[in-house]
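Following: one structure in structure tokens, then a few remarks.
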Amino acid sequence: MPIQKKGLASGSSYATPYYDFQTRRKGPTVMVVAGIHGNETASIQAAKQLVDRLSSRELVLQKGRLVIVPIVHQTAYRKRIRGVPDLNRTFPRGPGKKAGHPLASALYQLAERLEPSWYLDLHEANGLSQSNSKALGQTLITQPRSRAVPALRNLIRSLNLTIPLKSRHFNLRLHELPGSSRTAAARVLKSRAVTVETCWSLDKVERVRYQVDVVCGLLREAGLLK
Ligand SMILES: [Zn+2]
């Protein structure tokens, strides 16, 4: 499987690498991004781990194409901050609308070129959704009426069977967030767009594992992994 390391926002202060895994078999394109917020380090580590496991062929794609951007916001990541302004409020809010930040614009243009069937945005959040209906930790979020819902329900069911502590179970949330990359991908590109949120008060090893398990589960739902 040819793997290509490419550059996003190359030549600017926001330059960051991304990885393009393209199989020879026709299939869906899946885009995975992490580090839109620079302090959500388990999602960044999970994305890097996926790149490593695909590069070493420990994980082998069956068909389609997978593009991973492990650290979108390098300057925020270097300072381990969320980023100012919040990059995840600067994506196009509808068809014909422009991004409000050069980095959001570069990432969005890449997504526009790829037209991904699935768009997965990896994040971290406070709290545990199982005990607090307002908390976003341990959730998968998609748009209301998204075509992703049946696959997300399947994935949450099987994933929760592997998590012995019920308090750490994942829940589905349906939410529209204008300016976020998820909502831009859903509204404009018509992708099945999902935000993955682990709870960042849990151990990092555990959070990274959840993130990897969610992405691999969705790659199976999309038919890219067996
Ligand atoms: Zn975030």
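The values are calculated or read from the model by the stated rules, or taken from the named source; none is laboratory data. For clarity, every value in this text was computed on a predicted model and none was experimentally measured. Cβ coordinates were reconstructed from backbone atoms using ideal geometry, including for glycine residues, and neighbour counts include every protein chain displayed. Only protein heavy atoms, including side chains, enter the accessible area calculation; ligands, DNA and RNA are left aside. Shrake-Rupley method; radii C 1.70, N 1.55, O 1.52, S 1.80 Å.
When Glu115 is tested against the conditions (1) open to solvent by 30 Å² or more (accessible area, probe 1.4 Å); (2) closer than 17 Å to Asp203 by Cα, the lone failure is (2).
Note on region 97-137: residues that are touching a residue at least 60 places away in the same chain (Cβ under 8 Å), more than 16 Å from the ligand (Cβ to nearest atom) and of a type in the set (Ser, Thr, Tyr) total 2.
Of all residues in region 20-50, which are of a type outside the set (A, V, I, L, M, F, W, C) and in a helix (DSSP H, G or I)?
Correct list: Thr41, Ser43, Gln45, Lys48, Gln49.
Is it true that some residue in region 26-47 is modelled with pLDDT of 95 or more, open to solvent by 60 Å² or more (accessible area, probe 1.4 Å), of a type outside the set (Asp, Glu) and closer than 26 Å to Gly217 by Cβ? Checked against the condition, which is being modelled with pLDDT of 95 or more, open to solvent by 60 Å² or more (accessible area, probe 1.4 Å), of a type outside the set (Asp, Glu) and closer than 26 Å to Gly217 by Cβ, region 26-47 yields at least one hit. Restricted to region 51-90, and to residues there that are more than 21 Å from Gln211 (Cα to Cα) and of a type in the set (Val, Ile, Thr), the residue that is least open to solvent (accessible area, probe 1.4 Å) is Thr90. When region 4-16 is filtered for residues that are part of a strand (DSSP E or B) and either out of contact with any Leu (no Cβ under 7 Å at 6 or more places or on another chain) or among the acidic types (Asp, Glu) (or both), the ones remaining, listed by number, are Gln4, Lys5, Lys6, Gly7.
Of a type in the set (A, V, I, L, M), touching an Asp or Glu at 6+ places or on another chain (Cβ under 7 Å), within 16 Å of the ligand (Cβ to nearest atom) and not in a helix (DSSP H, G or I), is that true of Leu140? For Leu140, the condition - of a type in the set (A, V, I, L, M), touching an Asp or Glu at 6+ places or on another chain (Cβ under 7 Å), within 16 Å of the ligand (Cβ to nearest atom) and not in a helix (DSSP H, G or I) - is not met.
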